[in-house]
Amino acid sequence: MTVNGRLRKVVLEPRVTLLDTLRERLGLTGTKKGCDRGECGACTVLVDGERVKSCLTLAVMRPGAEITTVEGLARGEELHPVQEAFIRNDAFQCGACTPGQIMSAVACINEGHAGSEAEIREWMSGNLCRCAAYQNIVAAVADAAKEVRR
Ligand code: FES
Ligand code: FES
């Protein structure tokens, strides 16, 4: 698989999830393990540009896929517009959910689902935040959507 633009070869048992592959085998711990059963969205990554919950995806299901994790968003020192918007809008508290929120937000904007506050809430609803920073997360996604469209 290609992870953040780099070809990575891993030999895995078929039962290993994409989440564990990224965190335990490739050392990419930016992607978080919250519930490990598809409920929280903390493990969201992009697979071929689409968001997936990596705890529900077996790595062997996506051979040759292009994977992007939160570590792959910045260009050197330059943060992705969504990352900047999260900082600008104070959109995280503990930050456990933040990598997943950011990855989901990138896809949400790319999908054209960030047209209104209600739409953002609906299309980000698979990502839970135990600190309830939702107000600021919605503001950050709306803010980033303006930047990305510019
Ligand atoms: S860790 Fe995957 S959805 Fe919670
Ligand atoms: S910032 Fe704490 S879980 Fe979202």
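The values are calculated or read from the model by the stated rules, or taken from the named source; none is laboratory data. For clarity, every value in this text was computed on a predicted model and none was experimentally measured. Cβ atoms come from the backbone with ideal geometry, glycine included; neighbour counts cover every protein chain shown. These area figures cover heavy atoms from the full protein model, side chains too; ligands, DNA and RNA do not enter into them. Shrake-Rupley method; radii C 1.70, N 1.55, O 1.52, S 1.80 Å.
What to note about this one:
- Subset of the range 76-96 that is among the hydrophobic types (A, V, I, L, M, F, W, C) and surrounded by 14 or more Cβ atoms within 10 Å (Cβ to Cβ) - its residue that is farthest from V141 (Cα to Cα): A96
- Helices (runs of 4 or more DSSP H) fully within the range 47-150 counting 1 or more residues that are within 27 Å of T21 (Cα to Cα), without any contact (Cβ under 8 Å) to a residue 40 or more places away in the chain and not charged (D, E, K, R): 81-88, 98-110, 117-123
- Looking across the range 24-46, the residues that are without any contact (Cβ under 8 Å) to a residue 60 or more places away in the chain and either open to solvent by 60 Å² or more (accessible area, probe 1.4 Å) or more than 17 Å from R6 (Cα to Cα) (or both) come down to E24, R25, T29, K33, C35, D36, R37, G38, C43.
- Scope the range 105-142; condition of a type in the set (G, A, S) and open to solvent by less than 20 Å² (accessible area, probe 1.4 Å); matching residues: A105, A107, A114, A133, A140
- In the range 30-46, the residues that are more than 16 Å from ligand 2 (Cβ to nearest atom) and under 20 Å from A105 (Cβ atoms): G38, V45, L46
- Complete set of residues in the range 47-66 that are surrounded by 22 or more Cβ atoms within 10 Å (Cβ to Cβ), more than 16 Å from ligand 2 (Cβ to nearest atom) and under 16 Å from W123 (Cα atoms): R51
- The range 19-37 - residue that is in contact with a Lys or Arg (Cβ under 7 Å, 6 or more places away or on another chain) and among the hydroxyl-bearing types (S, T, Y) and, of those, farthest from P99 (Cα to Cα): T29
- Residue within the range 86-104 that is within 16 Å of ligand 1 (Cβ to nearest atom), of a type outside the set (G, A, S) and more than 30 Å from L7 (Cα to Cα) present: yes
- Test for D36: is it of a type in the set (D, E, K, R), touching a helix residue (DSSP H, G or I) at 6+ places or on another chain (Cβ under 7 Å) and within 16 Å of ligand 1 (Cβ to nearest atom): yes
- For the range 126-150, filtering for residues that are over 13 Å from N89 (Cβ atoms) and within 14 Å of ligand 2 (Cβ to nearest atom) leaves 7.
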